[in-house]
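I have placed the structure first, in the form of structure tokens, so that the comments after it can refer back to it.
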Amino acid sequence: MADSVQGFSTGRRLIELAEAVRADPELPRTELALLLARHGERPADLTEETFTEEAAAELRAAARRMGTVLTEADEDRAAEALNALFAQYAAPPRLTRHDGHPWHLHVDRGESSGWGGWFLASGALELSRLLTEYGRIAWGACAAEGCGRFFLGTGPGSARRHCSRACATRARVAAHRRRKRAEGAAGAERR
């Protein structure tokens, strides 16, 4: 899967869906459908008849399961989790071109896998691509206290720990203040 194919990004879809379900575990079917539409799913595949309440529940459960992979910081455990998803949900990927998108890898959701299986297989494919391309975990949950938002860390430089510069700055300032308080307390004890 190309990370960005004319506006299509499997990684961004994965993060946005997992984050939306993390923030609202009972995210309504209509909100899930809108999110999927923003990421290139066909409107005909998102009607109440084709994307049912049961399918939405299955997708929410899959997003929660993928959230556990997104919080994994150890490369070996992440690879094991991704391999487990492949073993359970993935059919061989194929190259496809549709709806104005250029050729890209695609994981179909078969009749037996449903929306949840499709999301887990396509998400595992994308995270595996990132792990092999960057040689490290290129995703995570923000380490800033009180945040925890999921993010992709695919930019240059070392691995990210925060979802945004604002959270990174807030965490650095909080750590600096804690060190200063500890130094002050240690100095007071020596007196």
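Listing for the model above:
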{"quantity": "Residue-by-residue Karplus 3J(HN,Hα) for the range 19-28, coefficients 6.51, -1.76, 1.60, Hz, glycine and proline x", "calculated": "5, 4, 6, 4, 6, 9, x, 10, 3, x"}
{"quantity": "Within a Gaussian network of the chain (alpha carbon springs, distance under 10 Å), most fluctuating of ALA63, ALA18, ALA171", "calculated": "ALA171"}
{"quantity": "Farthest positive-ward along the chain dipole, Cα basis, beta-carbon charges - from ALA175, GLY116, PRO93", "calculated": "ALA175"}
{"quantity": "Using alpha carbons only: equivalent-ellipsoid semi-axes of the chain, gyration tensor based, whole Å", "calculated": "37, 18, 15"}
{"quantity": "Sequence-separation-based contact order of the range 11-113, relative, with Cα cut under 8 Å and 6+ spacing, percent", "calculated": "20 percent"}
{"quantity": "Point-charge dipole on Cβ atoms (K/R +1, D/E -1) for the range 21-67, about Cα centre, debye to 20", "calculated": "320 debye"}
{"quantity": "For the range 133-191, accessible area per residue (1.4 Å probe, heavy atoms of protein chains only), Å²", "calculated": "71 Å²"}
{"quantity": "Taking the chain and dividing mean pair separation by its residue count, relative contact order in percent (alpha carbons under 8 Å, at least six apart)", "calculated": "21 percent"}
{"quantity": "Accessible surface, the range 28-83, averaged per residue in Å² (probe 1.4 Å)", "calculated": "55 Å²"}
{"quantity": "Rule-of-thumb Rg ratio for the range 29-108 [Cα; 2.2 N^0.38 Å; N residues]", "calculated": "1.28"}
{"quantity": "All Cα pairs of the range 141-191, percent lying beyond 16 Å", "calculated": "52 percent"}
{"quantity": "In the range 124-170, the GluC sites (Glu not before Pro) that fall in loop regions by DSSP, at most 14 other Cβ within 10 Å", "calculated": "GLU145"}
{"quantity": "Cβ-isolated cysteines (cut-off 4.7 Å), the chain", "calculated": "CYS167"}
{"quantity": "222 nm mean residue ellipticity, helices alone, for the chain (DSSP H n ≥ 4; -39,500 (n - 2.57); rounded to 500)", "calculated": "-18500 deg cm²/dmol"}
{"quantity": "Cα radius of gyration and Dmax for the range 100-174 (Å)", "calculated": "16.0, 51"}
{"quantity": "Degrees, to the nearest 10: 114-134 long Cα axis against longest axis of the chain", "calculated": "50 degrees"}
{"quantity": "Segment ARG12-THR96, extension gain: residue separation times 0.36 nm, minus the distance between their alpha carbons", "calculated": "28.3 nm"}
{"quantity": "Between helix 29-38 and the chain: long-axis angle, C-alpha atoms, 0 to 90°, nearest 10", "calculated": "90 degrees"}
{"quantity": "DSSP-assigned coil residues among GluC sites (Glu not before Pro) in the range 20-76, each with at most 15 further Cβ atoms within 10 Å", "calculated": "GLU26, GLU48, GLU49"}
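The values are calculated or read from the model by the stated rules, or taken from the named source; none is laboratory data. Please read these numbers as outputs of a predicted model, since none were measured by experiment. Quick reminder, even Gly has a Cβ in these numbers, built from the backbone with ideal geometry, and neighbours come from all protein chains shown. These area figures cover heavy atoms from the full protein model, side chains too; ligands, DNA and RNA do not enter into them. Shrake-Rupley method; radii C 1.70, N 1.55, O 1.52, S 1.80 Å.
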